[in-house]
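The values are calculated or read from the model by the stated rules, or taken from the named source; none is laboratory data. Please read these numbers as outputs of a predicted model, since none were measured by experiment. Cβ placement follows ideal geometry from the backbone for every residue including glycine, while neighbour counts extend to all protein chains displayed. When the accessible area is computed, the model is the full protein with side chains, heavy atoms only, and any ligands, DNA or RNA have been set aside. Shrake-Rupley method; radii C 1.70, N 1.55, O 1.52, S 1.80 Å.
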Amino acid sequence: LTTAGTVWRTQCSMRDDGGWTLIAMIGRTFVPPGSTAISSYTDWPPESTSRNVGETFMFQGLLGALNATRVIEGVACRGTQRESLDADCRFVTTPHSVPTPSVD
């Protein structure tokens with residue numbers, strides 16, 4: 001997948017309410033280096049084309065290029081389908097639109 005010049009590997013899902021793109025993942029074994037909390041998106045491992053399913057990452061390209069209007073978060077996911085909207089998770093969506101910067 002290429003998004004505004006950023007080449008990366010992710011999962012996409014379609015539902016009745018639209019298409020969804022995974023932009024971040026906390027793997028089961030991820031420990032932030034040097035701290036117990038992630039305070040900035042740059043503390044996350046960036047997206048890559050060689051990322052394996054289930055590995056921690058955060059998309060660090062231009063968010064505006066994704067044309068996102070809402071964000072959904074999967075919480076307390078179980079099983080092996082953790083990167084799918086078919087996963088056994090509690091999904092939480094934002095109550096309003098997500099502002100995204102324009103892409104020039």
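Look at (1) more than 17 Å from Glu73 (Cβ to Cβ); (2) in contact with a helix residue (DSSP H, G or I) (Cβ under 9 Å, 6 or more places away or on another chain); (3) at pLDDT 80 or above; (4) among the hydroxyl-bearing types (Ser, Thr, Tyr) and you find that Thr21 fails only one, number (1). Within the range 41-52, identify whether any single residue is modelled with pLDDT under 80 and surrounded by 10 or more Cβ atoms within 10 Å (Cβ to Cβ), and answer yes or no. The answer is yes, given that some residue of the range 41-52 is modelled with pLDDT under 80 and surrounded by 10 or more Cβ atoms within 10 Å (Cβ to Cβ). Filtered by the rule that a residue be open to solvent by less than 90 Å² (accessible area, probe 1.4 Å) and basic (Lys, Arg), the range 1-27 gives a lone residue, Arg15.
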